[in-house]
Amino acid sequence: MCLIALAWRAHPDYELIVAANRDEFHDRPAAAAAFWSDSSGVYGGRDLKQGGGWLALHESGRLAAVTNVRRMVPANASAPSRGALVARFLGSHKSAESYSHTLAASASRYAGFNLLLFDGHHLSYCSNADSFVSQSIEPGVHVLSNASLNTPWPKTKRLRGALQAFINQRVASRNLLFTALGDCEPATDAELPNTGVGAELEKFLSPPFIRGERYGTRASTVVTIAHDGRAEFIERRFAANGVFENETRAILQLPARRIH
């Protein structure tokens, strides 16, 4: 997954809101969002190549999401699956902070990752980009792509604005978030970051929604967790060149959240 915006204790009705796009090669096999057959209570999409996940929710109220980090180092074919970081957290009973700290010793073995962890009470971020970092996330609106938390790339700024608009609505419409996730307008040349991949690829990767024959946005997902524990998980899936395939919706009843 390569783009996430989240609102943490920033909405009068929702404890947590997540809007995210997963970008991946179209020939990498994946399963639609559903309950995982080998992990009781876990709901989300599934990578069928290595068995991990990119964004998933547990009935206990735990949520995890991962993105890769764009850094110009050769890929290590023997590196463990980043998606397994999601699966292991959801299958554990560790707090978000504790789980994050346990990764410090092994984080360098993985390809570059950003990891968001929500244990039902606290939200944490950790990353192995350059060196391992772990931090609590303060209430508010945050964005994450393939750089560090809240890096102001064109795509993260657009999605942050859409999530703030969602928060400001009198009647929240998830279509606003899906419209923002589906924005395929490239950034202008002046806006492009310089991450070392070259101007052409930088442009191709710059919109929130990436349309490509071999690589692109495979899934757009919106998750809302209300204070009463009602969680809605909506996933829209896409084929090559951004062709819509299907949508999955699920309601999960989680433990009640704190009341503002």
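The values are calculated or read from the model by the stated rules, or taken from the named source; none is laboratory data. Given the structure is predicted, the values throughout are model-derived calculations rather than measurements. Note that we place each Cβ from the backbone using ideal geometry, even for glycine, and neighbour counts take in every protein chain shown. In case anyone asks, the SASA skips ligands and DNA or RNA and just uses the protein heavy atoms, side chains included. Shrake-Rupley method; radii C 1.70, N 1.55, O 1.52, S 1.80 Å.
Descriptive notes on the structure:
- Residues being closer than 27 Å to Pro255 by Cα and surrounded by fewer than 20 Cβ atoms within 10 Å (Cβ to Cβ) - total across region 95-119: 5
- Check on Arg218, of a type outside the set (S, T, N, Q), closer than 24 Å to Ala34 by Cβ and without any contact (Cβ under 8 Å) to a residue 40 or more places away in the chain: no
- Residues of region 229-260 satisfying the condition of being open to solvent by 20 Å² or more (accessible area, probe 1.4 Å), under 30 Å from Gly120 (Cβ atoms) and either part of a strand (DSSP E or B) or modelled with pLDDT of 95 or more (or both): Arg230, Glu232, Arg236, Arg237, Asn246, Glu247, Thr248, Arg249, Ile251, Gln253
- Looking at Asp130, Asp119, just one residue is at pLDDT below 95 and of a type outside the set (A, V, I, L, M), and that residue is Asp130.
Okay, residues lined up against (1) part of a loop (DSSP other than H, G, I, E, B); (2) under 30 Å from Gly161 (Cβ atoms); (3) modelled with pLDDT of 95 or more; (4) touching a His at 6+ places or on another chain (Cβ under 8 Å):
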site: Val18; (1), (2), (3), (4): no, yes, yes, no
site: Asp23; (1), (2), (3), (4): no, yes, yes, no
site: Arg28; (1), (2), (3), (4): yes, no, yes, no
site: Ala32; (1), (2), (3), (4): no, yes, yes, no
site: Gln50; (1), (2), (3), (4): yes, no, no, no
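- Selection status of Ala56, surrounded by fewer than 18 Cβ atoms within 10 Å (Cβ to Cβ), over 23 Å from Val197 (Cα atoms) and modelled with pLDDT of 95 or more: no
- Only one of the numbered conditions (1) open to solvent by 40 Å² or more (accessible area, probe 1.4 Å); (2) farther than 20 Å from Gly212 by Cβ; (3) under 18 Å from the mean Cα position of the chain (by Cα) is not met by Arg70, and that is (2).
- Of all residues in region 158-168, those being free of Cβ contacts under 8 Å to residues at least 60 places away in the same chain and either under 20 Å from Arg22 (Cβ atoms) or among the small types (Gly, Ala, Ser) (or both) number 3.
- Test: residue in region 169-179 that is touching a strand residue (DSSP E or B) at 6+ places or on another chain (Cβ under 7 Å) and free of Cβ contacts under 8 Å to residues at least 40 places away in the same chain: no
- Remark: Ala165 falls outside the filter, which requires a residue to be aliphatic (A, V, I, L, M), closer than 30 Å to His101 by Cα and either touching a helix residue (DSSP H, G or I) at 6+ places or on another chain (Cβ under 8 Å) or open to solvent by 20 Å² or more (accessible area, probe 1.4 Å) (or both).
- On inspection, Ala77 passes the criterion of being among the small types (Gly, Ala, Ser), assigned to a loop (DSSP other than H, G, I, E, B) and exposed (fewer than 14 other Cβ atoms within 10 Å of the Cβ).
- Residues of region 80-90 satisfying the condition of being open to solvent by 60 Å² or more (accessible area, probe 1.4 Å) and over 23 Å from Arg70 (Cα atoms): Arg88
- Residue check for Glu185: over 25 Å from Leu117 (Cβ atoms), over 17 Å from the mean Cα position of the chain (by Cα) and surrounded by 16 or more Cβ atoms within 10 Å (Cβ to Cβ): no
- Within region 1-51, restricting attention to residues that are among the acidic types (Asp, Glu) and over 18 Å from the mean Cα position of the chain (by Cα), the residue that is nearest to Gly112 (Cα to Cα) is Asp27.
- Criterion violated by Pro186 - all others in (1) modelled with pLDDT under 95; (2) at negative phi satisfied: (1)
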